[in-house]
Amino acid sequence: MTACNCHEYGSRDNLCDAQTGQCLCIYNVGSRDCSQCEARYWGFPQCRACDCNGNAETCDDLTGRCIACRNNTAGDHCESCDAGYYGDPRNYVRKPCCPCMCPGGPTQHADSCSEDPRQEVIICNCLPGYQGPNCDTCAENYFGNPLVANITCEPCLCNNNIDPNVDGNCDTSSAECLKCLFNTEGFSCEKSKPGHHGNATTQSCVECVCDPYGTDRSAGSCDRETGQYPCLPNVTRLRCDACLAGYWNITSGEGCSACRCDPEGSLGITCNQERGGRDCSQCENLYWGDPKILLFL
């Protein structure tokens, strides 16, 4: 013989059936020893019916959370529509959950939608990059055509040379960047604008600086990467601000002129770049003779 062991809270007494051992359970309690709620009930020993709004058969016997909601419903009590659906499945409303008619299906361009009961329209809650009541256009600073199958809205690639808080930064169809900042230009704001040089992708484009006398303005602007200006004849350096060795007179505006130092009376080919200096072809005051002869004395 085996003891009944009827549960002290779930049974009416400690007696059980002599053949089956079944205890006499209180209302909505089940199992042989009356230790748990019957199916579709929860909260032992005060078992009450699962509240699933008719969209699930069972619930967790400890928490009452509904298990396996049907009809595209969700929530602890199957009281709301699943993502990508709209309606009101609660018992006192009974409005079935229907799929959101946003482009691309219930979840491609919008993670959810809602119904405006006053205007009786469905409003899609668009994913990032999409906008409009039906999420059928690209948002600001995105490009693409969500009305075409498998075409999504992607961020405009402007090398971080735009202000994302400003509208109209790029063409929503072609993705061309329209409002480049930081002295940049190009389809993707990928290069320095004329008269500037540097690396556009690191926002380091700065204005080129040149010597107005040594620069050949007719040959164009500076190199967009190095900053080198086109120089006039016999002018050198990045800013075109110095004459080549053996030349002077950069302020002429036509290029530097040759020093023309006398090879026998001078120590080299360089001269003062502003004054030019003498050509060393004759003796200074208080000296006499031929510099060409003195070199051999």
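Quick one: E264 ticks every box in (1) in contact with a helix residue (DSSP H, G or I) (Cβ under 6 Å, 6 or more places away or on another chain); (2) of a type outside the set (G, A, S); (3) at pLDDT 90 or above except a single one, so which number is it?
Of the numbered conditions (1) in contact with a helix residue (DSSP H, G or I) (Cβ under 6 Å, 6 or more places away or on another chain); (2) of a type outside the set (G, A, S); (3) at pLDDT 90 or above, the odd one out for E264 is (3).
Quick one: how many residues across region 28-54 are under 60 Å from the mean Cα position of the chain (by Cα) and either among the charged types (D, E, K, R) or surrounded by fewer than 20 Cβ atoms within 10 Å (Cβ to Cβ) (or both)?
Number of matching residues: 15.
Between residues in region 11-37 that are more than 21 Å from M1 (Cβ to Cβ) and residues that are among the aromatic types (F, W, Y) and not in a strand (DSSP E or B), which pairs lie under 6 Å by C-beta distance while being six or more apart or on different chains?
Going by the 6 Å Cβ cut-off, the qualifying pairs are Q36/F44; C37/F44.
Looking at region 140-168, which of its residues are of a type in the set (A, V, I, L, M, F, W, C) and under 24 Å from E185 (Cβ atoms)? Walk me through it before giving the result.
Initial filter on region 140-168 (of a type in the set (A, V, I, L, M, F, W, C)): 143, 147-149, 151, 153, 156-158, 162, 166.
F143, C156, L157, C158, I162, V166, listed by residue number.
Any residue that is in contact with a Phe, Trp or Tyr (Cβ under 8 Å, 6 or more places away or on another chain) and surrounded by 16 or more Cβ atoms within 10 Å (Cβ to Cβ) - is there at least one of those in region 78-88?
First, pick out the residues of region 78-88 that are in contact with a Phe, Trp or Tyr (Cβ under 8 Å, 6 or more places away or on another chain): none.
No; the residues of region 78-88 include none that is in contact with a Phe, Trp or Tyr (Cβ under 8 Å, 6 or more places away or on another chain) and surrounded by 16 or more Cβ atoms within 10 Å (Cβ to Cβ).
Return the only residue of S204, S174, S218 being among the small types (G, A, S), closer than 30 Å to T251 by Cβ and not assigned by TED's automatic domain parsing to the domain that holds T251. Show your work before the answer.
Values: S204 fails: closer than 30 Å to T251 by Cβ; S174 fails: closer than 30 Å to T251 by Cβ.
Exactly one of S204, S174, S218 is among the small types (G, A, S), closer than 30 Å to T251 by Cβ and not assigned by TED's automatic domain parsing to the domain that holds T251, namely S218.
Can you find, within region 125-165, the residue that is farthest from Y86 (Cα to Cα) among those that are in contact with a His (Cβ under 7 Å, 6 or more places away or on another chain) and not hydroxyl-bearing (S, T, Y)? Break it down stepwise before answering.
Taking region 125-165 first, the residues in contact with a His (Cβ under 7 Å, 6 or more places away or on another chain) are 126-127, 130, 135, 146.
Adding the requirement that they be not hydroxyl-bearing (S, T, Y) leaves 126-127, 135, 146.
Values: C126: 14, L127: 17, C135: 16, P146: 21 Å.
Restricting to residues being in contact with a His (Cβ under 7 Å, 6 or more places away or on another chain) and not hydroxyl-bearing (S, T, Y), the top hit is P146.
How many residues are more than 13 Å from L127 (Cβ to Cβ) and charged (D, E, K, R) when one looks only at region 141-163?
Of all residues in region 141-163, those more than 13 Å from L127 (Cβ to Cβ) come to 141, 143, 145, 147-151, 156-163.
Right, trim to charged (D, E, K, R) and you get 163.
Going through region 141-163 one residue at a time, the tally reaches 1.
Given the conditions (1) exposed (fewer than 15 other Cβ atoms within 10 Å of the Cβ); (2) touching a Cys at 6+ places or on another chain (Cβ under 8 Å); (3) more than 30 Å from D111 (Cα to Cα), and given that S204 satisfies all but one, which numbered condition is not satisfied?
Here S204 meets the rest and fails (2).
Can you list the strands (runs of 3 or more DSSP E) found entirely within region 58-154 that contain at least 1 residues being of a type in the set (S, T, Y)? Don't jump to the end; show me each part of the working.
Details: elements: 85-88, 95-99, 110-116, 121-126.
Those strands (runs of 3 or more DSSP E) span 85-88, 110-116.
Considering only residues that are at pLDDT 95 or above and among the small types (G, A, S), look in region 166-191 and name the one that is farthest from G220 (Cα to Cα).
Of everything passing the filter in region 166-191, S188 is farthest from G220 (Cα to Cα).
One line per residue, one yes/no per condition, for (1) touching a Lys or Arg at 6+ places or on another chain (Cβ under 6 Å); (2) over 27 Å from G64 (Cβ atoms):
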site	(1), (2)
G87	yes, no
R94	no, no
M101	no, yes
E120	no, yes
G129	no, yes
G132	no, yes
Y142	no, yes
P146	no, yes
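Looking at region 210-227, which of its residues are in a loop (DSSP other than H, G, I, E, B) and more than 34 Å from the chain's Cα centre (by Cα)? Even if it seems obvious, please write down each step before you answer.
Going residue by residue through region 210-227, those that are in a loop (DSSP other than H, G, I, E, B) are 210-214, 216, 220-227.
C210, D211, P212, Y213, G214, D216, G220, listed by residue number.
The values are calculated or read from the model by the stated rules, or taken from the named source; none is laboratory data. These numbers come from a predicted model, not from an experiment. As a convention, Cβ positions derive from the backbone with ideal geometry for all residues, glycine included, and neighbour counts pool all protein chains shown.
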